[in-house]
Structure formats: structure tokens, C-alpha cells
Amino acid sequence: MGIFTRNDSDTAGSTDVLDRELEKLLEDSQIEDGDHERFSHYVPKDKIMESAMTGKPVRALCGKKWTPSRDPEKFPVCPDCKKVYERMRK
């Protein structure tokens with residue numbers, strides 16, 4: 001999703017604004033609760049960096065979507081991420 005700006009000639013009820021708000025709500029609702037607090041997950045490094053700079057959620061190899069905020073060294077590796085990673089290496 002890009003950053004949009006409005007100029008003074010835009011109307012307050014613009015469908016672009018409503019579309020962006022709906023997209024944001026849908027994106028936020030897709031962040032999953034669950035066991036991501038119990039495991040560290042495999043995520044591409046560039047996505048981790050992007051998340052750290054923008055606050056944007058990441059998606060792990062296992063499919064979990066969340067915004068990282070904890071030290072992954074303190075948790076065991078997610079078994080599903082590990083399986084996917086091992087298949088990718090072959």
C-alpha cells in the first residue's frame with residue numbers, strides 16, 4: 001500500500017479515502033492472534049527491517065502474520081516454519 005496525499009480540491013467524502021480506510025481495517029484484522037508469542041518464526045531479513053522502520057506486520061514462513069516486538073532468541077523455533085525452511089533448502 002502506498003502513501004496517498006490529498007490536495008485541497010479533493011472532497012471530504014472521496015471514495016479514495018473510504019477505500020484506504022477499508023483496506024487498512026482489512027489489513028489490521030488479518031493480523032493473527034495465536035502461538036506467535038510462544039515461538040520465534042522465520043521471516044526474510046528485508047521484511048524484518050521494513051517492519052522495524054514502518055511498523056508494518058510481517059508474514060512468517062508458516063503463514064503467521066504479526067508485528068515483531070520480542071527478542072526471537074528467547075523462544076524456540078516454530079516447528080512449521082522450520083519444516084518449510086528445510087523444504088526450501090532442498
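For this structure, a couple of remarks:
- Where a label projected 7 Å from the Cα of Val84 along Cα→Cβ would reach, residues of the range 50-67 with amide N under 13 Å: 58-66
- Taking 13 Å as the cut-off, the amide N atoms of the range 60-74 that come nearer than this to a point 7 Å along the Cα-to-beta-carbon line of Ile48 belong to 60-61, 68-74.
- In summary, the lysines within cross-link reach of Lys56, defined as a Cα separation below 24 angstrom excluding same-chain residues under 8 places away, comprise Lys24, Lys45, Lys47, Lys64, Lys65, Lys74, Lys82.
Bear in mind these aren't lab numbers, they're just calculated from the coordinates by the rules spelled out. Quick caveat: nothing in here was measured; it's all calculated off a predicted structure. FYI the Cβ positions are ideal-geometry reconstructions off the backbone, even for glycines, and counts take in every protein chain you see.
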